[in-house]
Amino acid sequence: MTQRRQPRLGAIESTSLPAAHARARDARRRRPLADDPAAAGLADDLDLGAAPGRTDALCTLLRAAVLDHWVREFARRNPSGTVVELGPGLDSRAGRLGTAGPAHWIDVELPAVADLRRELLPGPAHLVAGSALDEDWLELAGDLPGPHLVVSDQVLSLLPEQGVQRLVFTAGRMLPGAELVTDVLSRAAAARLGSGPLRALEVDWTCEDPRELEPWGLRLLDACGVADPPADVAGRLPRTTRALATALRATPALRGHRLARYQILPG
């Protein structure tokens, strides 16, 4: 039996491992939620650490299902457009969506995780090694056909508030007509994550209602709870998963973890 490698990652980069673990376990199910066959191979190569709890794993997979749905919708409207995913970790969304995705894709990831992606997840995306708060990826995205969709799954919600505001303003100036899909955390949701899977990090800002971010230069287009996905997504979930999601909605801290789709207004 081949010994799995222990990836050398810092505190921020290591937040990608529980999500990869959840997708790997899901990939081996008869009816996977994320449908990410590459995830199982990652688990064979890398030591992904302790498995996340059942609730955190389900939230990871439900977020993936909703974000996949919004990316597919964007690609249907804009087949020649560009998606930029900030901090995808070890998620192979670009490869997973294949022809259901847009013509152009950029993944922005910190260098240590970017190295793992080059080795283990070669795919159609341009890979930018750096911080989501750097402007390098914005310059590359500006050279690719628009419109643009920026995707953030538990990335912007963990970065400093002023840095995120500056990023939104710059994107509005450099990527006219762009959209943003991201998760947002209420105080209760941030406290739950901070005492569990994100205990090594400090959440700098929270959001009780996705409309609160509109003064940053955003216009809310759609929103849902992580455990309350759009009807098109919910209808594809196995019955047991729908029942678990209903149970999650009864927990205030989980109701406060939401996904939102915005138009980025011109800067």
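The values are calculated or read from the model by the stated rules, or taken from the named source; none is laboratory data. Quick caveat: nothing in here was measured; it's all calculated off a predicted structure. Note: ideal-geometry Cβ built from the backbone for every residue, glycine included; neighbour counts use all protein chains shown. Surface areas here come from the heavy atoms of the whole protein model, side chains and all, with no ligands, DNA or RNA. Shrake-Rupley method; radii C 1.70, N 1.55, O 1.52, S 1.80 Å.
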Exercise for the section: Inspect all residues belonging to region 252-264 and state whether any of them is of a type in the set (A, V, I, L, M) and either without any contact (Cβ under 8 Å) to a residue 60 or more places away in the chain or assigned to a loop (DSSP other than H, G, I, E, B) (or both). Expected result: no
Practice task
Take residue 47 and decide whether it is open to solvent by 10 Å² or more (accessible area, probe 1.4 Å) and acidic (Asp, Glu).
Solution key: yes
Practice task
Please list, ordered by first then second residue, the pairs with beta carbon atoms under 8 Å, 6 or more apart or interchain, first in region 1-23 and within 17 Å of residue 38 (Cα to Cα), second β-branched (Val, Ile, Thr) and outside any loop (DSSP other than H, G, I, E, B).
Solution key: 16/113; 18/60; 19/60; 22/60; 23/60
Practice task
Scan region 54-77 and give yes if some residue there is open to solvent by 10 Å² or more (accessible area, probe 1.4 Å), outside any helix (DSSP H, G or I) and at pLDDT below 95, otherwise no.
Solution key: no
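Table: residues versus (1) of a type in the set (Gly, Ala, Ser); (2) open to solvent by less than 30 Å² (accessible area, probe 1.4 Å); (3) farther than 18 Å from residue 131 by Cβ.
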position	(1), (2), (3)
151	no, yes, no
157	yes, yes, no
163	yes, yes, no
166	no, no, no
173	no, no, yes
180	no, yes, no
187	no, no, yes
222	no, no, yes
240	no, no, yes
Handout entry: Number of the condition not met by residue 107 [criteria: (1) at pLDDT 95 or above; (2) part of a helix (DSSP H, G or I); (3) of a type in the set (Asp, Glu)]
Key = (2)
Handout entry: Residues satisfying the stated conditions in region 110-130, i.e. assigned to a loop (DSSP other than H, G, I, E, B) and either surrounded by fewer than 20 Cβ atoms within 10 Å (Cβ to Cβ) or free of Cβ contacts under 8 Å to residues at least 12 places away in the same chain (or both)
Key = 110, 122, 123, 124, 130
Fill in the blank from the handout: A careful count of residues in region 80-101 that are open to solvent by 20 Å² or more (accessible area, probe 1.4 Å) and of a type outside the set (S, T, N, Q) gives 5
Practice task
Spot the failing condition for residue 192; the list is (1) open to solvent by 50 Å² or more (accessible area, probe 1.4 Å); (2) under 17 Å from residue 263 (Cβ atoms), and only one is missed.
Solution key: (2)
Exercise for the section: Name, by its number, the condition in (1) closer than 30 Å to residue 143 by Cβ; (2) buried (at least 19 other Cβ atoms within 10 Å of the Cβ) that does not hold for residue 26. Expected result: (1)
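This table checks each residue for (1) over 17 Å from the mean Cα position of the chain (by Cα); (2) of a type in the set (Lys, Arg).
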site	(1), (2)
182	no, no
190	no, no
209	yes, no
213	yes, no
220	yes, no
224	no, no
233	no, no
238	yes, no
249	yes, yes
Exercise for the section: Kindly list the number of the only condition in (1) touching a residue at least 40 places away in the same chain (Cβ under 8 Å); (2) open to solvent by 20 Å² or more (accessible area, probe 1.4 Å) that fails for residue 210. Expected result: (2)
Fill in the blank from the handout: Being assigned to a loop (DSSP other than H, G, I, E, B) and at pLDDT 95 or above narrows 133, 90 down to just 133
